[in-house]
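S.K.: Supplied in structure tokens, the structure appears directly below.
The values are calculated or read from the model by the stated rules, or taken from the named source; none is laboratory data. This structure is a prediction, so every number in the text was calculated from the model and none was measured. Cβ sites come from the backbone with ideal geometry, for glycine too, and all protein chains shown count toward neighbours. These accessible areas exclude ligands, DNA and RNA; they are computed on the full protein's heavy atoms, side chains included. Shrake-Rupley method; radii C 1.70, N 1.55, O 1.52, S 1.80 Å.
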Amino acid sequence: MKGLSFLMPEMESSPDLSFALDVCRRAGVVAMDHFDRDIEVEEKSDGTPVTAADKQCERLIREAIAERFPEDAILGEEEGGNLAPVSKGRRWIIDPIDGTYNYARAVPIFSTLLSLEKDGEIVLGVVYNPAADEIFWAEKGTGAFRNGKRIKVSKISEMKNSQFNFGALNRVQAMGLWDAFSELIKNTVRQRGFGDYLGFAHVFEGKAEAHLEVGVKVWDLAPMKIIVEEAGGEFSDLSGGKSVYTGSCLISNGLVHSQFLGILKR
């Protein structure tokens with residue numbers, strides 16, 4: 001495993017962010033210990049895959065939160081918690097391995113996702129891919145970063161010049177969005193289905209203008225919201241609201257958001 005270049009001692013960070021970066025690093029060590037080693041995959045009740053690494057990573061993160069912030073609530077993909085939005089208090093939201101399909105087949109596009117919700121607002125997010133030694137983070141009011149370097153969304157303002165990223169096409173089709181999706185393809189210059197964290201990350205860094213994700217959970221979206229917003233972009237659900245609890249989202253550089261969302265609303 002490579003050295004973690006994001007651990008930059010000259011950078012100041014809050015206790016919450018320092019904790020989140022460290023615990024994601026430790027979860028990444030666990031994930032890489034299992035990676036590319038004939039991983040046994042089980043199927044959960046909802047039909048999605050889970051591995052021993054998913055469970056171990058979440059357990060590690062939960063135990064670290066309980067020790068450091070014993071009063072904080074926790075919601076995680078594998079061990080559950082209150083799925084409803086909360087309006088008061090602090091809650092950590094965990095996806096121990098986002099991209100388990102990739103992870104289980106030794107495709108190095110996966111990540112640990114961790115976010116902090118405070119009084120109903122996502123105020124911190126971390127996305128860490130240990131296979132690529134790549135970490136993104138943001139905390140409210142402080143900007144967005146990749147491996148210690150500040151990142152910004154692109155300045156492209158026309159859909160016709162935009163790269164459009166998207167997640168699983170079967171979920172797009174199942175939600176009845178195929179016609180709108182086809183129109184988005186026709187009206188953009190380039191399209192890529194990276195999926196998982198990478199489709200989002202390209203928007204964070206200004207490598208793409210928009211990313212569509214549907215049929216997912218709050219732990220998949222929470223860190224993405226704060227990171228894209230701190231990078232200067234925009235997050236919305238498909239009705240134009242700002243909730244991470246609707247199961248779908250469009251993120252963009254902000255300049256093309258209304259153009260994409262208008263088509264999705266139709």
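S.K.: Out of all the residues in the range 66-83, which are among the hydrophobic types (A, V, I, L, M, F, W, C) and closer than 26 Å to T246 by Cα?
M.R.: Scanning the range 66-83 gives A73, I74, L75, L83.
S.K.: Here's something else I'd like to know. Scan the range 211-233 and report the pairs whose first residue is of a type outside the set (A, V, I, L, M, F, W, C) and whose second residue is part of a helix (DSSP H, G or I) and open to solvent by 10 Å² or more (accessible area, probe 1.4 Å), with Cβ atoms within less than 8 Å and a gap of 6+ or a chain change.
M.R.: Every condition considered, the pairs that remain are H211/H202; E213/D220; G215/R171; G215/A174.
S.K.: So which of G125, G120 is without any contact (Cβ under 8 Å) to a residue 40 or more places away in the chain and closer than 20 Å to D16 by Cα?
M.R.: Selected residue: G120, the only one of G125, G120 that is without any contact (Cβ under 8 Å) to a residue 40 or more places away in the chain and closer than 20 Å to D16 by Cα.
S.K.: Report every pair of residues separated by at least 6 positions or lying on different chains whose Cβ atoms are under 9 Å apart, first residue within the range 150-161 and free of Cβ contacts under 8 Å to residues at least 60 places away in the same chain, second of a type in the set (D, E) and surrounded by 13 or more Cβ atoms within 10 Å (Cβ to Cβ).
M.R.: Filtered contacts from the range 150-161: N161/E209.
S.K.: Hey, another quick one. Of the conditions (1) under 14 Å from the mean Cα position of the chain (by Cα); (2) within 18 Å of S13 (Cβ to Cβ), G141 satisfies every one except a single condition; which number is it?
M.R.: (1) is the only condition that G141 fails.
S.K.: Let me ask another. Which of (1) of a type outside the set (V, I, T); (2) out of contact with any Asp or Glu (no Cβ under 9 Å at 6 or more places or on another chain); (3) at pLDDT 95 or above is the odd one out, the single condition K265 does not satisfy?
M.R.: (3) is the only condition that K265 fails.
S.K.: I'd like the residue in the range 163-178 that is part of a helix (DSSP H, G or I) and within 23 Å of the chain's Cα centre (by Cα) and, out of all such residues, is surrounded by the fewest Cβ atoms within 10 Å (Cβ to Cβ).
M.R.: Step by step, filter the range 163-178, then rank; the result is N170.
S.K.: How many of the residues in the range 121-152 are open to solvent by 20 Å² or more (accessible area, probe 1.4 Å) and either among the hydrophobic types (A, V, I, L, M, F, W, C) or modelled with pLDDT under 95 (or both)?
M.R.: So the count comes out to 4.
S.K.: Quick test of your reading of the structure: V23 fulfils all but one of (1) open to solvent by less than 30 Å² (accessible area, probe 1.4 Å); (2) within 23 Å of A144 (Cβ to Cβ); (3) at pLDDT below 95. Name the failing condition by number.
M.R.: Checking V23 against (1) open to solvent by less than 30 Å² (accessible area, probe 1.4 Å); (2) within 23 Å of A144 (Cβ to Cβ); (3) at pLDDT below 95, the one that fails is (3).
S.K.: Now for a separate question. Can you pull out the residues in the range 161-201 that are charged (D, E, K, R) and within 16 Å of N253 (Cα to Cα)?
M.R.: R190
S.K.: Can you spot a residue in the range 29-49 that is farther than 23 Å from E121 by Cα, over 20 Å from the mean Cα position of the chain (by Cα), open to solvent by 50 Å² or more (accessible area, probe 1.4 Å) and among the hydrophobic types (A, V, I, L, M, F, W, C)?
M.R.: Among the residues of the range 29-49, at least one is farther than 23 Å from E121 by Cα, over 20 Å from the mean Cα position of the chain (by Cα), open to solvent by 50 Å² or more (accessible area, probe 1.4 Å) and among the hydrophobic types (A, V, I, L, M, F, W, C), which makes the answer yes.
S.K.: Take the residues in the range 249-264 that are out of contact with any helix residue (DSSP H, G or I) (no Cβ under 8 Å at 6 or more places or on another chain) and open to solvent by 10 Å² or more (accessible area, probe 1.4 Å); name whichever of them is nearest to L124 (Cα to Cα).
M.R.: Here the answer is G254.
S.K.: OK, next. Could you list, in sequence order, the residues of the range 179-215 that are within 22 Å of R266 (Cβ to Cβ), open to solvent by 20 Å² or more (accessible area, probe 1.4 Å) and of a type in the set (A, V, I, L, M, F, W, C)?
M.R.: I185, V189
S.K.: Return a yes/no flag: does the range 226-246 have any residue that is of a type in the set (F, W, Y), closer than 17 Å to D119 by Cα and either crowded, with 21+ Cβ neighbours inside 10 Å or within 15 Å of the chain's Cα centre (by Cα) (or both).
M.R.: Checking the range 226-246: at least one residue is of a type in the set (F, W, Y), closer than 17 Å to D119 by Cα and either crowded, with 21+ Cβ neighbours inside 10 Å or within 15 Å of the chain's Cα centre (by Cα) (or both).
S.K.: Return the pair list, or none, for Cβ contacts closer than 8 Å from residues in the range 44-57 that are within 12 Å of D95 (Cβ to Cβ) to residues that are assigned to a helix (DSSP H, G or I) and open to solvent by 10 Å² or more (accessible area, probe 1.4 Å), at least 6 apart or on different chains.
M.R.: Pairs found: T48/T100; V50/T100; D54/T100; C57/V30.
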